Amino acid sequence: MDFEEGAVIVAECSYEGHTSAPKTRASRRKVFVDTPAIEALSRARPTDANPESLVFCTDRGTAFNPNNVRNRVLVSACQRAKIPQVSWHNFRYTYSTWANPPGESIKALQAQLGHTDSRLTLSVYTQPMPEAQKLLACKISSVLLRSAPKSEVQQAETEVVIP
């Protein structure tokens, strides 16, 4: 953790009880998070934690088994919410889609996810949001149809409210 910069440092990976270096150089990274997340992580951090400590670990300081967490927490949460089962990768897809609004940097999102190629980020991890598609349609029509009447969305974007 880098509490001063507000980032989680991805320095190693854990899979089925074995730790190793991340797959690629891009996978070794700082994942920046907002202030409420940093504050929550700071409160949850054990008092005896050191810079090498895992962010999330068992009482013995070892990495959680993702299958146990999925079965004990995620599956039951989905059942209580009456939603379909989700996987850990669903969270990556959701984060990617929500973090990729029009005008944002795909390179920044690529770095957050630890991808070496932005094409993977765009083609696999992001989905078009209806709001972004509607905004794009309005922008295109404003260029192609300059003399046409503006839509409600376009009018709302250009109106200036003076108190």
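The values are calculated or read from the model by the stated rules, or taken from the named source; none is laboratory data. Quick caveat: nothing in here was measured; it's all calculated off a predicted structure. Backbone-built Cβ (ideal geometry, glycine too); neighbour counts: all protein chains shown.
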Checked Leu41, Leu74, Leu122 against criteria (of a type in the set (A, V, I, L, M), modelled with pLDDT under 85 and out of contact with any His (no Cβ under 7 Å at 6 or more places or on another chain)); the one match is Leu122
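What tally of residues in the stretch 20-56 results from selecting those that are more than 17 Å from Trp88 (Cβ to Cβ) and surrounded by 10 or more Cβ atoms within 10 Å (Cβ to Cβ)? Show your work before the answer.
Pass one, the stretch 20-56, residues more than 17 Å from Trp88 (Cβ to Cβ): 20-21, 24-26, 28-30, 32-53.
Next cut, surrounded by 10 or more Cβ atoms within 10 Å (Cβ to Cβ) only: 21, 24-26, 28-30, 32-33, 37-42, 44-46, 49, 53.
Going through the stretch 20-56 one residue at a time, the tally reaches 20.
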Apart from one, (1) farther than 22 Å from Gln127 by Cβ; (2) within 21 Å of the chain's Cα centre (by Cα); (3) not aliphatic (A, V, I, L, M) all hold for Asn65; the odd one out is (2)
Here the residues within the stretch 34-56 that are outside any helix (DSSP H, G or I) and within 21 Å of the chain's Cα centre (by Cα) are Asp34, Leu54, Val55, Phe56
ask   = Would the stretch 84-98 turn up any residue that is among the charged types (D, E, K, R) and surrounded by fewer than 12 Cβ atoms within 10 Å (Cβ to Cβ)?
value = no
All conditions in (1) touching a helix residue (DSSP H, G or I) at 6+ places or on another chain (Cβ under 6 Å); (2) within 18 Å of Cys13 (Cα to Cα) are true of Arg92 except (1)
Residue hits (the stretch 2-18; on the phi > 0 side of the Ramachandran plot and either hydroxyl-bearing (Ser, Thr, Tyr) or exposed (fewer than 14 other Cβ atoms within 10 Å of the Cβ) (or both)) are Glu16, Gly17
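Between Val86, Val31, Val8, which is at pLDDT 85 or above, part of a loop (DSSP other than H, G, I, E, B), touching a helix residue (DSSP H, G or I) at 6+ places or on another chain (Cβ under 8 Å) and under 30 Å from Ala132 (Cα atoms)?
Going through Val86, Val31, Val8 in turn, just one is at pLDDT 85 or above, part of a loop (DSSP other than H, G, I, E, B), touching a helix residue (DSSP H, G or I) at 6+ places or on another chain (Cβ under 8 Å) and under 30 Å from Ala132 (Cα atoms): Val86.
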